[in-house]
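Engineer: Take this structure, written in structure tokens, and hold onto it; I'll ask about it next.
Read the figures in this text as sums done on the coordinates, not as results from a lab. Every value quoted in this text rests on a predicted model; they were computed, and no experiment measured them. Here the Cβ is made from the backbone with ideal geometry for all residues, glycine too, and neighbour counts use every protein chain on show.
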Amino acid sequence: MDYPPALFLDGVGGTVELRLFVDSAGQVVPDSVRLERSSGYPALDSAALAAAPRLRYTPGTRQGVPAAMTFVQPIHFRHPASGDSSP
């Protein structure tokens, strides 16, 4: 995830929630990515959306067979100087 440089320099962090559709091979379907909940900072939201297609997952299963699934993934931007270690 590329932390937006200006926000990093200002010590700004936040959490973005993305709704993703992952196919049965664990690949994010790029056109499926949606902003579920904003961090309150458009640059963090944009960085999370841009990085989402590079995410990889172990596919979910249904009755033991790999299956495509939709879920919400939080993306945390934490500045090291903030002292906030919570997810």
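Engineer: Once you treat every alpha carbon in the range 5-79 as an equal point and sum by Debye, what is log10 I(q)/I(0) at q = 0.22, 0.27 Å⁻¹?
Structural biologist: The Cα Debye sum returns log10 ratios of -0.90, -1.17.
Engineer: Same structure, new question: Of the candidates Leu35, Leu20, Leu55, which one comes out as most mobile in a Gaussian network treatment of the chain with C-alpha springs shorter than 10 Å?
Structural biologist: Taking springs between Cα atoms under 10 Å, the residue moving most is Leu55.
Engineer: Output needed: percent of Cα pairs per 5 Å distance bin for the range 38-80, bins running from 0 to the one holding the longest distance.
Structural biologist: For the range 38-80, the binned pair fractions read 5, 16, 24, 19, 14, 10, 7, 4, 1 percent.
Engineer: Set the Förster distance to 35 Å, then compute FRET efficiency between Thr61 and Tyr3 from the Cβ-Cβ distance, nearest 0.05.
Structural biologist: Values: r = 33 Å, r/R0 = 0.95.
It comes out at approximately 0.55.
Engineer: Related question: I need Asp31, Asp45 ordered by Cβ neighbour count within 10 Å, fewest first. Before the final figure, lay out the partial values.
Structural biologist: Working: Asp31 8, Asp45 20.
In order of increasing Cβ crowding within 10 Å: Asp31, Asp45.
Engineer: In what order do Val16, Val29, Val72 fall by count of nearby beta-carbon atoms within 10 Å, going from fewest to most? The partial results should precede the final answer.
Structural biologist: On the way: Val16 25, Val29 14, Val72 11.
Fewest to most other Cβ atoms nearby, the residues stand as Val72, Val29, Val16.
Engineer: Rounded to the nearest 500 deg cm²/dmol, what is the calculated helix-only ellipticity per residue at 222 nm for the chain, with -39500 (n - 2.57) per DSSP H run of length n ≥ 4?
Structural biologist: Working: 2 runs with 15 residues, N = 87.
The helix contribution divided over the chain gives -4500 deg cm²/dmol.
Engineer: Please report the relative contact order for the chain, taking Cα pairs under 8 Å with a sequence separation of at least 6, and give it as a percent rounded to a whole number. Please report the intermediate quantities before stating the final value.
Structural biologist: On the way: 158 pairs, mean separation 33.7, N = 87.
Reported as a whole number, the value is 39 percent.
Engineer: On to the next question. Can you tell which of Leu49, Pro5, Ala81 lies farthest toward the positive end of the dipole of the chain, using +1 and -1 charges on the Cβ of basic and acidic side chains (Lys, Arg; Asp, Glu)?
Structural biologist: So the residue furthest toward the plus end is Leu49.
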